[in-house]
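This report concerns only the one structure given below.
The values are calculated or read from the model by the stated rules, or taken from the named source; none is laboratory data. The structure displayed is predicted, hence computed values, not measured ones. All Cβ positions, even for glycine, are placed from backbone atoms using ideal geometry, and neighbour counts span all protein chains on display.
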Amino acid sequence: MENLSLLWESTGLYNITGPQMIMMSVGFLLLFLAIKKGFEPLLLLPIGFGAILSNIPVAGMTEEGGVLYYMYGGIKSGMFPLLIFLGVGAMTDFGPMLANPKTLLLGAAAQFGIFGTLFGALALNAVPGMDFNLKQAAAIAIIGGADGPTAIYVASKLAPELLGAIAVAAYSYMALVPLIQPPIMRALTTEEERKIEMQQLRTVTQTEKIVFPLMLVTLTAFLLPSAAPLVGMFCMGNLMNASGVVDRLSKTAQNELINIVTIFLGLSVGSKLSADAFLTLETLGILGLGAIAFSIGTASGVLMAKVMNRFSSTPINPLIGAAGVSAVPMAARVANKVGQESNPYNFLLMHAMGPNVAGVIGSAVAAGVLLSLVR
Amino acid sequence: MENLSLLWESTGLYNITGPQMIMMSVGFLLLFLAIKKGFEPLLLLPIGFGAILSNIPVAGMTEEGGVLYYMYGGIKSGMFPLLIFLGVGAMTDFGPMLANPKTLLLGAAAQFGIFGTLFGALALNAVPGMDFNLKQAAAIAIIGGADGPTAIYVASKLAPELLGAIAVAAYSYMALVPLIQPPIMRALTTEEERKIEMQQLRTVTQTEKIVFPLMLVTLTAFLLPSAAPLVGMFCMGNLMNASGVVDRLSKTAQNELINIVTIFLGLSVGSKLSADAFLTLETLGILGLGAIAFSIGTASGVLMAKVMNRFSSTPINPLIGAAGVSAVPMAARVANKVGQESNPYNFLLMHAMGPNVAGVIGSAVAAGVLLSLVR
Amino acid sequence: MENLSLLWESTGLYNITGPQMIMMSVGFLLLFLAIKKGFEPLLLLPIGFGAILSNIPVAGMTEEGGVLYYMYGGIKSGMFPLLIFLGVGAMTDFGPMLANPKTLLLGAAAQFGIFGTLFGALALNAVPGMDFNLKQAAAIAIIGGADGPTAIYVASKLAPELLGAIAVAAYSYMALVPLIQPPIMRALTTEEERKIEMQQLRTVTQTEKIVFPLMLVTLTAFLLPSAAPLVGMFCMGNLMNASGVVDRLSKTAQNELINIVTIFLGLSVGSKLSADAFLTLETLGILGLGAIAFSIGTASGVLMAKVMNRFSSTPINPLIGAAGVSAVPMAARVANKVGQESNPYNFLLMHAMGPNVAGVIGSAVAAGVLLSLVR
Amino acid sequence: MNELVSSGIELMLIGMGMVFAFLAMLIVAIKSMSAAILRFFPGLPGGHHVGTHHGDDLGAIAAISAAVHQYRKKHQQKI
Amino acid sequence: MNELVSSGIELMLIGMGMVFAFLAMLIVAIKSMSAAILRFFPGLPGGHHVGTHHGDDLGAIAAISAAVHQYRKKHQQKI
Amino acid sequence: MNELVSSGIELMLIGMGMVFAFLAMLIVAIKSMSAAILRFFPGLPGGHHVGTHHGDDLGAIAAISAAVHQYRKKHQQKI
Ligand code: NA
Ligand code: NA
Ligand code: NA
């Protein structure tokens, strides 16, 4: 009898709180978006499931001794986002960017999405109930980088209490890139501009592809060492692939290692989706700012391309500027698709890959600035 | 000269104790069973080798600073059994069970193997020299679940000192399923019953397969949250596979990740096969109880099927009840084989997979009950 | 303004020290050797990149909280070298050695490279500025084993402060085997000896291949338990492969697991390439002694083969003695190639694989002796 | 010890009760779910979703037919 | 709060400045590098380096041509 | 330092002695084992045990012969 009441007191029904139920619903919503809507399922499925697991009462999976507690150590140490970056680096082909290096400026301009949002987050403090300090504002702003591992890395260093909301916002908006970007791109360009065809890219030699990551890591070491963990791991992955001498390591980094870490990273992020951290007005602020960040980044990239077009001898289709936000390779595909609406024979994909991967570098640089200046 | 005697004093021959030699022999026996007899080699080979390594004197591989000591952390935190469960979940097809949900009752009945054994372990305390407290009895009883990761998870929480013996018993008896089950199955059924042919199963839609793991984890969260880590990771793996949107994660969970963890888990379990923990009368008790547990579970499953047959409109071959102990997919194959002895055209395999996977859920539920009530 | 100067003070240019720049150059040199010269790229690429990353100022990747700091835990615990050894064991075919067991003596003789170098390191203390204690001398000597994981394992236990230099020397000289060995081999043999053709090896049964690793681990447990972690993990990998019953574990150990650990091991070794540990006169000593170690090992192996040839009924080509240093399979290929210079129809490769894998065992035994006697 | 046995019996009763209750509820839940899904989202049957290997298979078939084609061409040239 | 906004503006200016400066220097660096490499080491174009799968492909092609050969032989024997 | 050198010599002697002793014992052990196994369990020669890829190879061969068959059929239809 006593045991029966003990059993009842150990049920979830007896223990669950309203906020926990809401957070479990958020988990189910993320799973729905991942599975039925195809929103970045590789991340949002584990994150959503992690949200459910971490809000199950009694089980205590996020408390010391729980499995999600230990997994989170991989984010706290920076290990998970950096290993993902290693794999992403190994998957990245810098060829199109090296063939047309001025597209790097598009990747730079789009980072205005980050810093504009930072300003916005601070301005939002005027709204009663919102209260972001500088660290939190910087962590939120990095959503504008449109780069999951970078956002998670920065948030885990500057504002771990917002990590869950920031990661969810970052991946959700990345999935929404095909919806968010096109209207902005169309609004800021003329039909003529969207029809611009670009010169075919030259073939880049393997030597250039090998030297580039080394050059990039050196420049980072000298100018912005706070970005060195992110940029360094990315460059190492890229070098493993470009050099062609460690194919077995490169393939493992791109497949099994990144897959294993993705499962762990997703669950760990989910473990930060607890009610008290997520169910606040601030989360609404974060979601709103995230949408603004992507929009500003897209607009800045397009406008920068238009400016460059005035000074450049070779024509640049301003649509590829939108790819500067990164969100690889989705944003590049969007640029291609919007371009083909105006000119079906215009293949912008390769041209958009330049600013697209430049955006990854740009976000990492911006992350370095924030990490070194915001304390 | 001094060095020579130092060398001699550092040899195993100088340091080895009788019990260590016996435990190394146990390790060799496990390797023999794994390699020559085909007893669950994926687990028993690493466990056997772990037993050898951990009983080598001087080397101190299980002491702080030793590699097996650190590996055991993966069991202590629950990480290894839960990751195995993630992979097993990704490998599991709930289709046959969803097509014929009443077979879940067979998976429930077979768990009497667990609770009957729990009672047996406590009764065994009457034997002089046997002394199991409630926690130990519960940890031993879980062998009746015929599910390695569940047994290891529960044992590591309730009675880590018995982990080695329990894991060895669990995997050994799982390997012995084709020997233990058939006589019991034949004794409890008539030739007519064994000939019963079952209706073909309907095809299950993908949507049902996606919704089921979500439903299961929700029910667990509300009713038995102490089972949530086990059931949750299992459901996540299952959802990764069923959803079809994260195939690369699902494949990694089913292959490289589960393989890596299996090596580590086996070695870690082996590291608990030390002489002082294993060479006790209790171990004999555990081995005896393990055999009883499997037998009770098999009998309960078969008898439940016979009872259900009286009330069911569609015929149920009682042999598939034996598959309710889990031991996936071995027990289902045994049901099929015994059935074909009586009726060579009777294909019970798919029908037996229902209670078989239901048995996994049943054991996890039983584990949850034990974890929440036994303190 | 204040922020601008803060930014400047956070740059690498402001903070970098001369020694750090030199160590980064060493990293680039290693990458050059790995990529352009093909020097053991699987290890030297991650090590080289690790050297660069760990010498980036401000980033603090090797300090507590940094990602390389945590990775190094895998070397400190012995986990990484032992897991590599597990994979190497799974890749090793002891067939040629079992078919001609007397080649084990060649693998024994070549270990004189280790002990001769140990003596050399101690003698080098006579040079002003060099000051190796016994532990350091032993750690350096193990370079002569021509076996990366063994060298890293021993160095991490006896002289972690020299780990970086020792690992770099070990892998560099392994890559230089085709340059270092042939002149020594030619100098110590006559044209007639190099032409010796050897009897075809008998086929070894699978049972022998299964029993051998078990025998080896038992002998190690009884005679030299300090070598048991190394030999044990190697034997476990070998048994996983030879037994044929756990192919999925064996394949994972040989591929994904060893690849992942190689990336981590390389980065961790690189993290020990800090200026204060590497830019010392001792490093020059280590590099010099490493070359000597390989030369002595090669010579001892060849001479031993010549001695054995006097007493053996079946002819032994002395060139295969050089393969006793291990450096699997490079040294065996070198033996084959030098042999074919004298007799193009002489296929020594399989014959050289015997001493080659024997050299791995020999080095592990030597490591065990050093670990148990040097304190 | 007597107390231990009695708590064993109690655990057995509660445990088996819980297991049956849980799985019985799961049966009800599955039946409701299946009915709802088959009615509102009949969709596609399971087990047919496109796996990752699909692409590889197509690649292999392409490679094979190319090889076959190549072979035939060479063969005919010789004739 | 006013102070916070002003430091936000400052961060924005410095940050965007740094991003542009960094990527602009990277452009210069890339251009110099490409010019140097194309002049001194024209070498091979990228994207064509031998991957690990290459060997497998050759193996597959060998297997295929062997299979085709086998098939032809059997087929002719029947004729 | 003199002491260090003498302990170096001692280590060298003991170490090489141990290495030779160990590997010599291993030779004896291998020879006994091989003799015993070849006498009592002659069994199958090594290196031929069925690997996991075996199945794949068979699958590939099946796929290839199916493809070849398909091809031939289509080809003949055209003729
Ligand atoms: Na970006
Ligand atoms: Na079960
Ligand atoms: Na060696």
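Results, tabulated for the structure shown:
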| item | result |
| --- | --- |
| Residues of the range C:310-324 satisfying the condition of being in a helix (DSSP H, G or I), over 14 Å from C:L104 (Cβ atoms) and in contact (Cβ under 8 Å) with a residue 24 or more places away in the chain | C:P318, C:L319, C:A322 |
| Selected residue [of a type in the set (A, V, I, L, M), on the phi < 0 side of the Ramachandran plot and either within 16 Å of ligand 1 (Cβ to nearest atom) or modelled with pLDDT under 95 (or both)] from B:I258, B:I292 | B:I292 |
| Filter pass, B:M240 being in contact (Cβ under 8 Å) with a residue 60 or more places away in the chain and part of a helix (DSSP H, G or I) | yes |
| Answer from A:L279, A:L273 - the residue that is in contact with a Pro (Cβ under 8 Å, 6 or more places away or on another chain), among the aliphatic types (A, V, I, L, M) and more than 30 Å from C:L53 (Cβ to Cβ) | A:L279 |
| Qualifying residue in the range A:158-178 (condition: at pLDDT 95 or above, crowded, with 23+ Cβ neighbours inside 10 Å and within 20 Å of the chain's Cα centre (by Cα)) | yes |
| Residue in the range B:164-184 that is farthest from B:I47 (Cα to Cα), counting only those that are touching a residue at least 24 places away in the same chain (Cβ under 8 Å) and not hydrophobic (A, V, I, L, M, F, W, C) | B:P182 |
| Restricting the range B:42-77 to residues that are crowded, with 23+ Cβ neighbours inside 10 Å and among the small types (G, A, S), the residue that is farthest from the other protein chains (Cβ to nearest Cβ) | B:A51 |
| Candidates B:L224, B:L230, filtered to the one that is facing chain D (nearest Cβ under 10 Å), crowded, with 24+ Cβ neighbours inside 10 Å and either modelled with pLDDT under 95 or touching a helix residue (DSSP H, G or I) at 6+ places or on another chain (Cβ under 6 Å) (or both) | B:L224 |
| Boolean, C:L303 is in contact (Cβ under 8 Å) with a residue 40 or more places away in the chain, part of a helix (DSSP H, G or I) and within 14 Å of chain B (Cβ to nearest Cβ) | no |
| Residue match in the range F:28-41 (condition: part of a loop (DSSP other than H, G, I, E, B), modelled with pLDDT under 90 and within 7 Å of another protein chain (Cβ to nearest Cβ)) | yes |
| Residue in the range B:244-251 that is buried (at least 24 other Cβ atoms within 10 Å of the Cβ), more than 16 Å from ligand 3 (Cβ to nearest atom) and either aromatic (F, W, Y) or touching a residue at least 40 places away in the same chain (Cβ under 8 Å) (or both) present | yes |
| Cross-chain or 6+ apart pairs with Cβ under 6 Å, the range F:12-34 first and free of Cβ contacts under 8 Å to residues at least 40 places away in the same chain, then charged (D, E, K, R) | F:S34/C:E208 |
| Selection within the range C:198-237 - more than 26 Å from the chain's Cα centre (by Cα) and touching a residue at least 60 places away in the same chain (Cβ under 8 Å) | C:M198, C:Q199, C:L201, C:R202, C:T203, C:V204, C:E208 |
| Cross-chain or 6+ apart pairs with Cβ under 7 Å, the range C:353-375 first and more than 14 Å from chain B (Cβ to nearest Cβ) and of a type in the set (A, V, I, L, M), then more than 13 Å from ligand 3 (Cβ to nearest atom) and assigned to a loop (DSSP other than H, G, I, E, B) | C:V357/C:F94 |
| Condition broken by A:D131, with the remaining ones in (1) within 11 Å of chain E (Cβ to nearest Cβ); (2) farther than 15 Å from E:S7 by Cα; (3) within 16 Å of ligand 1 (Cβ to nearest atom) satisfied | (3) |
| Residue that is of a type outside the set (V, I, T), in contact (Cβ under 8 Å) with a residue 24 or more places away in the chain and within 17 Å of A:A358 (Cβ to Cβ), where the choices are A:A159, A:A110, A:A139 | A:A110 |
| Matching option when the condition is in contact with a Leu (Cβ under 6 Å, 6 or more places away or on another chain), among the small types (G, A, S), away from ligand 2 (no atom under 16 Å from the Cβ) and farther than 21 Å from C:G354 by Cβ, among C:G116, C:G129 | C:G129 |
| Yes/no for C:A332 being over 16 Å from the mean Cα position of the chain (by Cα), surrounded by 22 or more Cβ atoms within 10 Å (Cβ to Cβ) and within 16 Å of ligand 3 (Cβ to nearest atom) | no |
| Of all residues in the range C:107-147 being of a type in the set (F, W, Y) and in a helix (DSSP H, G or I), the one that is farthest from C:Y171 (Cα to Cα) | C:F119 |
| Any hit, the range A:298-311, residues being away from ligand 3 (no atom under 16 Å from the Cβ) and closer than 17 Å to A:L98 by Cα | no |
| Among (1) more than 16 Å from ligand 2 (Cβ to nearest atom); (2) β-branched (V, I, T); (3) at pLDDT 95 or above, the one test that B:I84 misses | (1) |
| Counted residues, the range C:335-373 - those being assigned to a loop (DSSP other than H, G, I, E, B) and either buried (at least 23 other Cβ atoms within 10 Å of the Cβ) or in contact with a strand residue (DSSP E or B) (Cβ under 8 Å, 6 or more places away or on another chain) (or both) | 1 |
| Enumeration of residues in the range C:16-54 that are out of contact with any Leu (no Cβ under 6 Å at 6 or more places or on another chain) and not hydrophobic (A, V, I, L, M, F, W, C) | C:T17, C:G18, C:Q20, C:S25, C:G27, C:K36, C:K37, C:G38, C:E40, C:P41 |
| Filter pass, C:A187 being closer than 23 Å to C:I361 by Cβ and either more than 22 Å from the chain's Cα centre (by Cα) or in contact (Cβ under 8 Å) with a residue 24 or more places away in the chain (or both) | no |
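Every residue, every condition in (1) under 21 Å from the mean Cα position of the chain (by Cα); (2) closer than 30 Å to F:L38 by Cα, yes or no:
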position: C:I35; (1), (2): yes, no
position: C:N55; (1), (2): no, no
position: C:E64; (1), (2): no, no
position: C:G74; (1), (2): yes, no
position: C:P81; (1), (2): yes, no
position: C:T92; (1), (2): yes, yes
position: C:L98; (1), (2): no, yes
